[in-house]
Amino acid sequence: MADQENKPTEQQQKPQKQKQPKQPKNKEQKQKPKQAEDGKKATKLGIDTKKDENYSEWYSQVITKAEMISYHDVSGCYVLRPWSFFVWEQIQKFFDAEIKKLGVDNASFPMFVSSTVLEKEKDHIADFAPEVAWVTRAGKSELAEPIAIRPTSETVIYPYYAQWIQSKRDLPLRMNQWCNVVRWEFKHPTPFLRTREFLWQEGHTAWEKPEEAEKEVFDILDLYSKVYTDLLATPVVKGRKTEREKFAGAKFTTTVEAYVPVNGRAIQGGTSHHLGQNFSKMFNISFESTEGEGASRAFAWQNSWGLSTRTIGAMIMIHGDDKGLVMPPRVSKHQVVVLAVGITAKTSEEDKQKLTQKAAEIAAVLQRAGVRAHNDDRENYSPGWKFNHWEVKGVPIRMEIGPKDLEKDQVLAVLRYNGEKKAMPLASLAEDTKALMNEIHHAMYERVEKARDEHKKLCLDWNEFTNMLDQKCIVLSPFCGRPECEDKIKEESAREDACQPGQAAMGGKSLCIPSISPRNLFPRNASTRRVDRRPSPSPCLAGVIKNLILVHYCSLNRVNMNFECRDPFGCYFNLSILLQGNIPKCQSQVKLKIGEWVDLDALIPKNMSFFGQFELSSA
């Protein structure tokens, strides 16, 4: 699966100057409105750039005007304001509770790494080397040895694992820490997406057996998926990274990838790595595997997994619209904002008090029911200004209570994600609001899922590959998985001519090998079979076979596979397939012949996957 690589523009790193609304002295001051293209009045408080026309400028305006961040005087570092930090707190609350159910404990390790220890891990740290920040002075004195600020914590944590793990009774050892890391990013820092300092969690575990470790990798990946689907109302694709894209030093890396409709790109949402024994051998994390005279030591099997505040950036990009943020209800600091409206100069003081008191009562009722409701009773701002303010901040539901609503014992609810208005009776307001928030969550999820699925295309022809990327598609395309082929695909799919606004000049970048076979994307006269982890032999095809297109995800130049197939008359027969030599354009047609059955378990390496398309004749 591939998309076009994201290359932020310079506009994304420039702080946006924001004019705060002036406090009126005696009378409310109305801002001079300007006429928008749609004929509606616009103010400087709102977003004045359309998302589809200038995405980077739109993003910069949203994160500042919605009070998500403030720019720090050190480039690439940002202040997370309460409106955005609350989202991170909700993610932390959910994920922390789930990993504790699995038996993971929280801990805290130092942020500094000595150059000696870092050198021990030089192969792993190679990818981070340009981004490592070093402390070289204390006051005016030069340090005897430079000290690195962690870009990730393997080198900090694993020396202690080597001390703590001596026997298999010490296993599994499962720890997580919530912390900040520093990666001195030089490529156009972008808030939440590419920053020099960011918040994340990183889990590090050690196991006696590889199968135990591998199971945890996918358990954690499922939790990362739930962060997006259950909290952020965002569909993701789960899969395994290619050899080029996997974590340095990992045996394999799994990932969740989210689709961003506005630019047709994807964003990596979280990764879970199986490290094998690479780090345990490096740091001597071993244990007594047997007891008695013949006791021997074995190296532990390890995992690491991490999720960062990039999740917030993904949420903003995916759900935001031309009016500002669109907050998923389950992570919004205020799920409901209550406003008293319809108060004019002719409104009596008694009627005004009734409305404001009822608005406060409504907010209190919702709060007691567990809804994060806020009563905006500020008198120095007009209702129109408040509407615009909370619209930019993306509050899921705005509830208005006016004189007519008071008479009818109802409120008018305005939904942020689609602008729909509906009357809601006060008698059942708490329960109806909870149900409405669930409806909003699922509707937001389905809207993004629909956009993604409409742009998810299968490509078996290189001539169509770049056209699909230009159409903002996320492309499912088989290739051999070799790093050199991946580099060539990226190079040859890059755009040489000048780009149109919203298009990327960079070439296609692999996202992952999807965990779920894209069977429904193939033509009706084709059948697919996908193998990820030691399959069991089973009938895979019905029909008269013409040929087989086979692409393998490994660096082997010779692959011998056998299938059991069934013809239209119900007869079973065996097929032996031999693929060898280089694969032009990472795709090759091979002939089939009848051969002896060989168990696929014994034939296919555990770390290998293949993707086959079987063409059927019109018999």
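The values are calculated or read from the model by the stated rules, or taken from the named source; none is laboratory data. In this text, all values refer to a predicted model and were calculated from it rather than measured experimentally. Please note: Cβ atoms are built from the backbone with ideal geometry, for glycine as well, and neighbour counts cover all protein chains shown. The accessibility values were calculated without ligands, DNA or RNA, using every heavy atom of the protein model including side chains. Shrake-Rupley method; radii C 1.70, N 1.55, O 1.52, S 1.80 Å.
A compact table of results
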| quantity | calculated |
| --- | --- |
| Under 10 Å, Cβ to Cβ, from Lys51 - net charge with Lys/Arg +1 and Asp/Glu -1 | -3 |
| Segment 336-439 - percent of accessible surface contributed by carbon and sulfur, probe 1.4 Å | 48 percent |
| Accessible-area value, Ser114, 1.4 Å probe, nucleic acids and ligands omitted, Å² | 40 Å² |
| Average accessible area per residue (Å²) across segment 336-439 - probe 1.4 Å, nucleic acids and ligands excluded | 50 Å² |
| Across Lys65/Lys333; Lys393/Lys421; Lys101/Lys241; Lys226/Lys450; Lys323/Lys393, pairs whose alpha-carbon gap is larger than 20 Å | Lys101/Lys241 |
| Restraint check, Lys246/Lys456; Lys346/Lys422; Lys100/Lys457, Cα-Cα greater than 32 Å | Lys100/Lys457 |
| Per residue, in Å², the accessible surface of segment 172-235 once ligands and nucleic acids are set aside, probe 1.4 Å | 33 Å² |
| Additional length obtainable on full extension of the chain from Glu119 to Lys434, 0.36 nm per residue less Cα span | 108.0 nm |
| Phi to ³J(HN,Hα) by Karplus 6.51 cos²θ - 1.76 cosθ + 1.60 over segment 427-441, Hz, x for Gly, Pro | 4, 10, 4, 4, 5, 5, 5, 4, 5, 5, 5, 5, 4, 4, 4 |
| Whole-percent pair-distance distribution, where bins are 5 Å wide, for the alpha carbons of segment 336-439 | 2, 13, 25, 27, 20, 10, 3, 1 |
| Accessible area of Arg244 in the full protein assembly, 1.4 Å probe (Å², nearest 10) | 110 Å² |
| Stretch gain in nm, segment Asn380-Lys215, where the contour uses 0.36 nm per residue and the Cα spacing is subtracted | 53.7 nm |
| Peptides 188-194, 467-473 ordered by average Cβ neighbours within 10 Å, highest first | 188-194, 467-473 |
| Net length gained if the chain between Glu98 and Gln471 were fully extended (0.36 nm per residue, minus Cα distance) | 130.4 nm |
| Per residue accessible area of segment 283-335, 1.4 Å probe, in Å² | 32 Å² |
| Peptides ranked, highest mean first, by Cβ atoms within 10 Å: ranges 419-429, 343-353, 135-145 | 419-429, 343-353, 135-145 |
